[in-house]
Amino acid sequence: MRDVTQIFHKLSERFAEKIVRLETQNVDPWIEVESTSIALVGFFLRDEADLLFRMLNCITAVDYPPSKIPDETNDWGRLELIYHLTSLDYGSRLVLKVVLPRWKDNVPGRLPEVPTVSPVWPTATWHEREIFDLMGVYFVGHPDLRRILCPEDWEGHPLRKDYEMPREYHGIPLK
Amino acid sequence: MAKQQSILPAEQWESFDIQTEELLVNMGPQHPSTHGVLRLVLRTRGETVLELTPFIGYLHRCAEKIGENVSAQQWIPYTDRLDYLAAMNMNLGWALTVEKLLGMTVPERGRHLRVALVELDRIASHLVAVGTYALDLGNFTPFMYCFREREKILNLFEQISGARLTFSFIVAGGVRADAPAGWVEACREFLDQLPTTLSQVHHLLSTNAIFVRRTAGIGVLTKELAIGYGCSGPVLRASGVQWDLRRHGEPIYTSLYEDYHFEIAAPNPSGRYPPAEELPLPPPEAVVGDCWHRYFVRMYEIHQAAKLVRQALEKYEDSGGPVGSPIKHTHKLPKGEAYLETECPRGQMGFFVVGRDSPVPWRVRARSSSFCNLSVLPELCRGAFIADVPAILGSLDIVLGEVDR
């Protein structure tokens, strides 16, 4: 199955309201999935005989803080997780999107939570560690959620838009 | 007086219980066979690796964060420094991603020049991979041969772009300049003498009994594992997956190669490659997905890339018109998101860009092929000998600049 609209309908049949919407205006069309069911949708996409999205290429997190650039879709801050999938068997590509609050329960410092997809695609283990490290998303059920690029005792999540560089790190001036 | 203990007869040696303890062995971050700053912690029992944990991030330079603070065109030099052994391929990946978001196309002459450049860089990159791999396994000569040939490619790049490693030459909109007079001839001269060196390398490595013993059947990566871990490029193809983005990628990328002829370098289930000019046959010990095949896929790709460069030079000369011109730094990126993967020497390098009606992208993401290829290392090394760890790591051919970004 190559057409994103067909895939969207197939997913909607199976997961009903958990599949939020289909966006076709973008260069790469995407399907938005409710955050709690991303792993289940992942298993379905990987194993269903006419989908077989066995490769997870990339997970990207994008931060939209509640501020400077007002636009109609930006309802006061959100984080987006974008999953790029490939089916080697059918040569098709798919983009999934999950929208999260920037902080859990809107309490700054409490990381937003989303189920891990590492049981579906083992490559997600490292991608999710990277997102946890740089963007501050907590992946529930992840086998080994540690920082990966920054040192273990680094504070904050550097790719967040409101991140402020610390003045020093173990006596090394950073500014 | 205690009776003196006699040495056990040979047939009882195996039953003699030697006390072995688990031992943590640290490799790196400065280790000659890690090709950069990578730290591996091995939990070993005797000579066997029970568990391997990679630690990365020593070369993290905040490339993605920088990308959010400079315009799309200004980020080109930063892509050079991701995979610094294949900077042309990195430039092309980012340039195409921006072009995809903008909905641009590049004139035909520029397209063929781009193919010639990235395929030349693929040869250069694979020569480093093969040469240093031989060095890891204690074979010094091929390293010198490979670097001698690579040097010639770098000279060609210097003639056209002025730089030897960090070119910033392929940019969104086209390439920075047309090739200087005599450049195409110089390329052809290089290609004419390349097969001699390649056959020497084949003699020294592909069929060399010691090299085969060190690589054949070592670190076997199954198809399922390779796909599950997002491996790509030669690592994926060596496991027998017929997948090459130059043929199976998105239209904006495959259109570069649509009228070119080349074979996808992947062994079939019996370990045979598509027929090509006088290449040695795989040794009987080699198993699809092992270190030997990962090495040989790269050698095979060098031959194919050389063919592609020849075709590209011919088409470049035949096509007239401009080679395209770089977009301006102030060129606004429209609202939208674009993701594109290209087939770089180390695998599928993906770039993701979010535009917001501004020349500066809202978000830039680099999906690194080495990052994913490295993540499968713990699986490959479990149960291997310590001495095989450099052999397995070398066969994955990672560049830490790309892993850590």
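The values are calculated or read from the model by the stated rules, or taken from the named source; none is laboratory data. Since the model is a prediction, treat every value here as computed from it, not as a measurement. Reconstructed Cβ throughout: ideal geometry from the backbone, glycine too, with neighbour counts over all protein chains shown. For the accessible areas, the whole protein counts, side chains as well, though only heavy atoms, and no ligand, DNA or RNA atoms are used. Shrake-Rupley method; radii C 1.70, N 1.55, O 1.52, S 1.80 Å.
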How big is the charge dipole of segment A:19-158 about its Cα centre, in debye rounded to the nearest 20, if each Lys and Arg gets +1 on its Cβ and each Asp and Glu gets -1 on its Cβ?
80 debye
So how far apart, in nm, are the two label points at B:Asp178 and B:Phe55 if each is 7 Å from Cα heading toward Cβ?
5.5 nm
How much net charge surrounds A:Phe139 when only other residues with a Cβ under 14 Å from its Cβ are counted (Lys, Arg +1; Asp, Glu -1)?
-1
Starting from the Cα of B:Lys100, draw a straight line to each of the lysines and keep only those under 30 Å, dropping any in the same chain fewer than 8 residues away.
A:Lys10, A:Lys68, A:Lys97, A:Lys161, B:Lys65, B:Lys307, B:Lys315, B:Lys328, B:Lys332, B:Lys335
Report, to the nearest whole %, how much of the accessible area of segment A:96-175 belongs to carbon and sulfur atoms, 1.4 Å probe, protein only.
54 percent
Any idea what the dipole of the protein assembly as shown comes to, in debye rounded to 20, about its Cα centre with Lys/Arg Cβ at +1 and Asp/Glu Cβ at -1?
780 debye
Let's test the formula: R0 of 25 Å, r as the Cβ-Cβ distance of A:Val107 and A:Arg147. What FRET efficiency results, to the nearest 0.05?
0.70
Residue of B:Trp94, B:Trp292, B:Trp183 that the Gaussian network model of chain B assigns the largest fluctuation, springs spanning Cα pairs under 10 Å:
B:Trp183
Within chain B, which is the longest segment containing none of the GluC sites (Glu not before Pro) that sit in a DSSP loop and have at most 16 other Cβ atoms within 10 Å?
B:48-257
Give me the residues in segment B:213-232 whose solvent-accessible area, probe 1.4 Å, is reduced by at least 50 Å² once all protein chains are included instead of the chain isolated.
B:Ile227, B:Gly228
Find the relative contact order for chain A and round it to a whole percent, using C-alpha pairs within less than 8 Å whose residues are 6+ positions apart.
17 percent
Quick tally, 1.4 Å probe accessible area for B:Thr330, B:Thr132, B:Thr166, sorted with the most first, runs B:Thr330, B:Thr166, B:Thr132
For a quick check, take a GNM of chain A with Cα springs below 10 Å and name the residue from A:Thr24, A:Thr86, A:Thr60 with the largest mean-square fluctuation.
A:Thr24
Based on DSSP H runs of at least 4 residues, each adding -39500 (n - 2.57), what is the mean residue ellipticity at 222 nm of chain A after dividing by all its residues, to the nearest 500 deg cm²/dmol?
-6000 deg cm²/dmol
Ignoring ligands, DNA and RNA, what percent of the 1.4 Å accessible area of chain B is carbon and sulfur?
56 percent
Using only the alpha-carbon atoms, how far is helix A:4-15 inclined from the longest principal axis of chain A? Give it as 0 to 90 degrees, nearest 10.
90 degrees
To the nearest 20 debye, what charge dipole does segment A:14-69 have about its Cα centre, counting +1 at the Cβ of each Lys and Arg and -1 at the Cβ of each Asp and Glu?
100 debye
Contact order normalised by length for chain B, with contacts defined as Cα pairs under 8 Å and 6 or more residues apart; what percent is it?
26 percent
Å² per residue, accessible surface of chain A at 1.4 Å:
47 Å²
Computed from the mean reciprocal separation of all distinct C-alpha pairs, what Kirkwood hydrodynamic radius does chain B have, in Å?
22.3 Å
In Å², rounded to the nearest 100, what is the total accessible surface buried by chains A and B against each other with a 1.4 Å probe?
3700 Å²
Just from its helices, what would the mean residue ellipticity at 222 nm be for chain B, if runs of 4 or more DSSP H residues each count -39500 (n - 2.57) and the sum is divided by every residue, rounded to the nearest 500 deg cm²/dmol?
-13000 deg cm²/dmol
With a cut-off of at most 10 other beta carbons within 10 Å, and DSSP calling the residue loop, which GluC sites (Glu not before Pro) in segment A:45-148 qualify? Please list them.
A:Glu72
Per DSSP, loop chymotrypsin sites (Phe, Trp or Tyr not before Pro) in segment A:53-152 with at most 15 further Cβ within 10 Å:
A:Trp76, A:Tyr90, A:Trp103
Which residue, B:Gly355, B:Gly46, B:Gly217, tops the fluctuation ranking in a GNM of chain B built on C-alpha contacts under 10 Å?
B:Gly46
Inter-site label distance for A:Asp47 and A:Ile172 at 7 Å from Cα along Cβ, in nm:
4.6 nm
